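Undergrad: Have a look at the structure that comes next, please.
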Amino acid sequence: MNLAWQIEQYLPRQLLELVKDISRQAVERGERVYLVGGIVRDSLLGYPNFDLDLVVEGDAVKLAQQVSETSQARLLAYHRFGTAKLRYENFTLDMATVRKETYARPGALPTVTPGTLQDDLIRRDFSINAMSISLASNNYGELIDPYQGKNDLEHHLIRILHPGSFSDDATRILRGVRYEQRLGFKFEAQTAQLLKRDISMLDTISGDRIRHELELIFREKQPESAIKRLAELGVLPVISPFLKGDGWIAEKFDRARRLNKPPQLPSLYFCLLIYSLSESELEPFLTRLNISAKLSRMMLDTLRLKTSLALLDKPSQKPSEIYYLLREYEPAAIQVNAIASDYPMVHNHLQLFLTKLRYVRTALNGEELKRLGFSTGPEMGKALQILHKAKLDGEVDTRAEEEKLALSLKAPNFRTDLEPSR
Ligand code: ATP
Ligand code: MG
């Protein structure tokens, strides 16, 4: 089968020209270049995908260097294991020398040795990701599909390439679920059986790698379907026995998307995923997945605030009370609780803090209070706090009103709480 038409159709013009130029330069060097992985899968499906993975029968690093010297593409990085990254406008192209991978033990990083295109395809996760398209001029566009990936695409199947695949690298379990849910596919019967057999192999995978796969899931359009499926397959409890992938998660993930912009979503999804846990249940999860200090703080704050939400369920609550209750928490943790809470009043109070109260500032600052005769130290601190509280509660609005209030505080009968009364 020839896919020249699909490539010409889907790739932006300049990117296509660059790819052709790379292939021309490769041929001059006696090498050959192929498109591989996601781009091939998505071209067959008719989905746009501009993340290009190229494999080179030859020296990918030297080729990438040469291309960066003779075109607009910049060499972003290269590695002595034969991989290089080029950047061209908004596109990145990953280039790699064809290689063979073997696993010394389950979950280990693979041992990489030089190989053939066939070796490079069989080391891959699923048949639908193990196809390539030749870019050389004599068979430009030819599909190379030794594992019947196209047939599996047509039958909507996710299939591993050999029975030891999941035990070699159990991250493929998470990857498989991600593709299955993204594409609306199903695991092929034997793959499904082997997946079940090898679920416990996830214990051989480092926390960083498992977390990375969850991060990839959280970049999907509707990650809740993958989370639900992971729960159904019994994968979630292997990551942490307390995680659930139920209807609650689906509803809240959807609400998170309606209330937030895409860049914020992955960390919100992470916090929603652990929302039903207690702090002591969270601890082993943080360790197992080597969660960053920043995200750990967000998760812990989320759970702490969760236990205090009842304090926000009062109709006559003053804005300043809401402010003092919430100001110590990470804004993202407040957002998670706003998404999670089923009580409209709690939700509204949390949103009020996030959208308004946390930004409220007095018009007068310390310098201006000094000019009004306040001395620096506790007197001024107290006055600023009173002004801020009045502003939060709408008791003052304009600068003139703040000045009036400040001056009333200076009146002879005004005592700050911080000073002993005489
Ligand atoms: P996506 O649309 O999710 O980016 P992709 O196919 O481009 O899909 P990448 O994660 O960018 O996926 O990886 C590129 C290719 O590398 C995959 O198509 C697959 O062939 C291979 N690959 C990635 N991770 C693994 C793995 N753990 N085991 C085997 N092959 C893998
Ligand atoms: Mg990719």
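Undergrad: Would you please name the residue that is nearest to R209 (Cα to Cα), looking only at residues in segment 107-143 that are part of a loop (DSSP other than H, G, I, E, B) and among the hydroxyl-bearing types (S, T, Y)? Before you say what the answer is, go through the steps one by one.
TA: The first filter runs over segment 107-143 and keeps only residues part of a loop (DSSP other than H, G, I, E, B), leaving 107-110, 115-116, 123-125, 130-131, 135-136, 140-141.
Next, only the ones that are among the hydroxyl-bearing types (S, T, Y) stay: 116, 140.
Details: T116: 27, Y140: 36 Å.
Here the answer is T116.
Undergrad: Select from segment 121-142 the residues that are open to solvent by less than 10 Å² (accessible area, probe 1.4 Å), touching a Ser or Thr at 6+ places or on another chain (Cβ under 9 Å) and within 9 Å of ligand 1 (Cβ to nearest atom) and write down the one among them that is farthest from Y179 (Cα to Cα).
TA: L121
Undergrad: To continue, here is another question. Scan segment 222-252 for residues that are in a helix (DSSP H, G or I) and open to solvent by 20 Å² or more (accessible area, probe 1.4 Å) and jot them down.
TA: So the first thing to find is which residues in segment 222-252 are in a helix (DSSP H, G or I), and the list is 223-232, 236-239, 247-252.
Listed by number, the residues that qualify are E224, S225, K228, R229, A231, E232, P237, V238, G247, W248, A250, E251.
Undergrad: Taking segment 341-379 as the region of interest, how many residues are open to solvent by 80 Å² or more (accessible area, probe 1.4 Å) and either among the β-branched types (V, I, T) or over 27 Å from W248 (Cβ atoms) (or both)?
TA: The initial filter retains those residues of segment 341-379 that are open to solvent by 80 Å² or more (accessible area, probe 1.4 Å), namely 342-344, 348, 355-356, 359, 361, 367, 370-371, 376, 378.
If we keep only those that are either among the β-branched types (V, I, T) or over 27 Å from W248 (Cβ atoms) (or both) too, we end up with 355-356, 359, 361, 367, 370-371, 376, 378.
Residues that pass the stated criteria total 9.
Undergrad: Sticking with this one: Does segment 59-72 include one or more residues that are open to solvent by 80 Å² or more (accessible area, probe 1.4 Å) and within 16 Å of ligand 2 (Cβ to nearest atom)?
TA: Filtering segment 59-72 down to residues open to solvent by 80 Å² or more (accessible area, probe 1.4 Å) leaves 62, 69-70, 72.
From the residues that got through so far, the ones that are within 16 Å of ligand 2 (Cβ to nearest atom) too are none.
Within segment 59-72, not a single residue is open to solvent by 80 Å² or more (accessible area, probe 1.4 Å) and within 16 Å of ligand 2 (Cβ to nearest atom).
Undergrad: If you go through segment 327-340, how many residues are basic (K, R) and crowded, with 18+ Cβ neighbours inside 10 Å? Steps first, answer last, please.
TA: Just the residues of segment 327-340 that are basic (K, R), to begin with: 327.
With crowded, with 18+ Cβ neighbours inside 10 Å added as a condition, the list becomes none.
Final tally of qualifying residues: 0.
Undergrad: I would also like to ask the following. Going by the structure shown, is S280 open to solvent by 60 Å² or more (accessible area, probe 1.4 Å) and hydroxyl-bearing (S, T, Y)?
TA: Values: open to solvent by 60 Å² or more (accessible area, probe 1.4 Å): yes; hydroxyl-bearing (S, T, Y): yes.
Spelling it out, S280 is indeed open to solvent by 60 Å² or more (accessible area, probe 1.4 Å) and hydroxyl-bearing (S, T, Y).
Undergrad: Within segment 21-57, work out how many residues are away from ligand 2 (no atom under 16 Å from the Cβ) and open to solvent by less than 60 Å² (accessible area, probe 1.4 Å).
TA: Looking only at that region, the number is 9.
Undergrad: With the structure loaded, tell me whether D313 is touching a His at 6+ places or on another chain (Cβ under 9 Å) and in contact (Cβ under 8 Å) with a residue 24 or more places away in the chain or whether it fails that test.
TA: Yes; evaluated as a whole, the condition is true for this residue.
Undergrad: For segment 103-113, name all the residues that are more than 12 Å from ligand 1 (Cβ to nearest atom), touching a residue at least 24 places away in the same chain (Cβ under 8 Å) and touching a Lys or Arg at 6+ places or on another chain (Cβ under 9 Å).
TA: V112
Undergrad: Kindly list the number of the only condition in (1) away from ligand 1 (no atom under 14 Å from the Cβ); (2) touching a Lys or Arg at 6+ places or on another chain (Cβ under 8 Å) that fails for E154.
TA: With (1) away from ligand 1 (no atom under 14 Å from the Cβ); (2) touching a Lys or Arg at 6+ places or on another chain (Cβ under 8 Å) applied to E154, the lone miss is (2).
Undergrad: Among the listed residues R159, R197, R175, R219, which satisfies the condition of being under 26 Å from A108 (Cα atoms) and either crowded, with 19+ Cβ neighbours inside 10 Å or in contact with a Cys (Cβ under 8 Å, 6 or more places away or on another chain) (or both)?
TA: On the way: R197 fails: either crowded, with 19+ Cβ neighbours inside 10 Å or in contact with a Cys (Cβ under 8 Å, 6 or more places away or on another chain) (or both); R175 fails: either crowded, with 19+ Cβ neighbours inside 10 Å or in contact with a Cys (Cβ under 8 Å, 6 or more places away or on another chain) (or both); R219 fails: either crowded, with 19+ Cβ neighbours inside 10 Å or in contact with a Cys (Cβ under 8 Å, 6 or more places away or on another chain) (or both).
Going through R159, R197, R175, R219 in turn, the sole match is R159.
Undergrad: Among the residues of segment 305-326, is there at least one that is farther than 14 Å from Y343 by Cβ, within 26 Å of the chain's Cα centre (by Cα), open to solvent by 80 Å² or more (accessible area, probe 1.4 Å) and not aromatic (F, W, Y)?
TA: No.
Undergrad: Go through segment 380-391 and give me each residue that's more than 14 Å from L405 (Cα to Cα) and either surrounded by 17 or more Cβ atoms within 10 Å (Cβ to Cβ) or over 44 Å from the mean Cα position of the chain (by Cα) (or both).
TA: Start the filter on segment 380-391 by keeping residues that are more than 14 Å from L405 (Cα to Cα), which leaves 381.
Answer for segment 380-391, where residues must be more than 14 Å from L405 (Cα to Cα) and either surrounded by 17 or more Cβ atoms within 10 Å (Cβ to Cβ) or over 44 Å from the mean Cα position of the chain (by Cα) (or both): there is none.
The values are calculated or read from the model by the stated rules, or taken from the named source; none is laboratory data. This structure is a prediction, so every number in the text was calculated from the model and none was measured. Methodologically, a virtual Cβ is constructed for each residue, glycine included, from the backbone with ideal geometry; neighbour enumeration extends over all protein chains shown. With ligands, DNA and RNA removed, areas are computed over all heavy atoms of the protein, side chains included. Shrake-Rupley method; radii C 1.70, N 1.55, O 1.52, S 1.80 Å.
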